[in-house]
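Shown next, in structure tokens, is the structure this report addresses.
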Amino acid sequence: MKKYLTITSEQFFEDNQKFVRAIDEAYNRFDADRLMIERSLELTSKELIEKNKSLLNYIEKLNYIAYHDTLTHLYNRAFLTDKLDMGIAKQKNNPSKVFAVLFLDLDRFKLINDAMGHSVGDKLLGKIATRLTEFSSKTVTIVRLGSDEFVVLVENIESEQEVLLLAENINKSLKHSFHVDYHEVFITVSIGIAFSSVGYENSSDILRDADTAMYNAKKKAEVAFKFSISPCTIMRQHLWNLNQICDRQFRTMNLYSIINLL
């Protein structure tokens, strides 16, 4: 004989309530876990964003340190080397992209360091750098090579005359006195100039010629404006002039030949 389980309505209601409470508790635990996971993911995402920003800032600082002088905050030799090599490569593809290197050396700077101290010398270099930056532009870049040597890179020049004018203006600007720690300091500068039209293969060669030209300028007696152009640039100009003369004579000979044939 079959036996049947008898459940009263009260028991059914009570069991149903227990079941509902169990579901609610399970849902609440699930919801709490979900919120915790979402918060954890949100924090992780924020942390990743912050770490990424920190990494980018760190890389930016490293790049700045790699390409800037710590004392004057001007571009340094490493930046100049890369810039010159790129300029030489550009000119090989487009000969009209001529640039010039102005090599500046402060006269008797060592005497200032010895007489007034390196602290004054460093501050003077900073003030000189500030004054030189007045000439910076899209086509003019100011660089500190080290010690008392600076370079002015002039790109996309149209004539040598504009470079000479810039050199003269720099010379005039630096002739005005500098005030450093209650000292009034006067400084002069020797400038060597090299033009890329010579056809250089690398940055070290054009820097060498500009440096040589600067030392030639330094040997000059006390004059208002001490500068020198690289002998390679002058030789190149002479060759260009010679080619122009030969070309004109060749055209004249061809013209006479055509006239004689007629």
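Give me the residue from the stretch 101-141 that is among the hydroxyl-bearing types (Ser, Thr, Tyr) and in a helix (DSSP H, G or I) and, out of that set, farthest from Leu174 (Cα to Cα).
Ser119
Mind listing whichever residues of the stretch 90-107 are of a type outside the set (Asp, Glu), within 19 Å of Lys220 (Cβ to Cβ) and either in contact with a helix residue (DSSP H, G or I) (Cβ under 6 Å, 6 or more places away or on another chain) or free of Cβ contacts under 8 Å to residues at least 24 places away in the same chain (or both)?
Leu102, Phe103
Got at least one residue in the stretch 64-73 being over 14 Å from the mean Cα position of the chain (by Cα), assigned to a helix (DSSP H, G or I) and not acidic (Asp, Glu)? Checking the stretch 64-73: not a single residue is over 14 Å from the mean Cα position of the chain (by Cα), assigned to a helix (DSSP H, G or I) and not acidic (Asp, Glu). Residues in the stretch 175-215 that are of a type in the set (Val, Ile, Thr) and closer than 23 Å to Arg131 by Cα: Val180, Val185, Ile187, Thr188, Val189, Ile191, Ile193.
Residue by residue, here is whether (1) under 30 Å from Leu207 (Cβ atoms); (2) among the aliphatic types (A, V, I, L, M); (3) at pLDDT 90 or above holds:
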| position | (1), (2), (3) |
| --- | --- |
| Thr8 | no, no, no |
| Phe12 | no, no, no |
| Ser40 | no, no, no |
| Thr70 | yes, no, yes |
| Lys90 | yes, no, yes |
| Ser96 | yes, no, no |
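For the stretch 142-172, the set of residues classified as closer than 21 Å to Leu111 by Cα and assigned to a helix (DSSP H, G or I) consists of Asn171 only. When we screen Ala210, Ala194 for residues that are under 16 Å from Phe150 (Cβ atoms), of a type outside the set (Val, Ile, Thr), in a helix (DSSP H, G or I) and out of contact with any Pro (no Cβ under 8 Å at 6 or more places or on another chain), the only hit is Ala210.
The values are calculated or read from the model by the stated rules, or taken from the named source; none is laboratory data. Everything quoted here is computed from the prediction, not taken from an experiment. Every residue, glycine among them, receives a Cβ derived from its backbone with ideal geometry; neighbour counts consider all protein chains shown.
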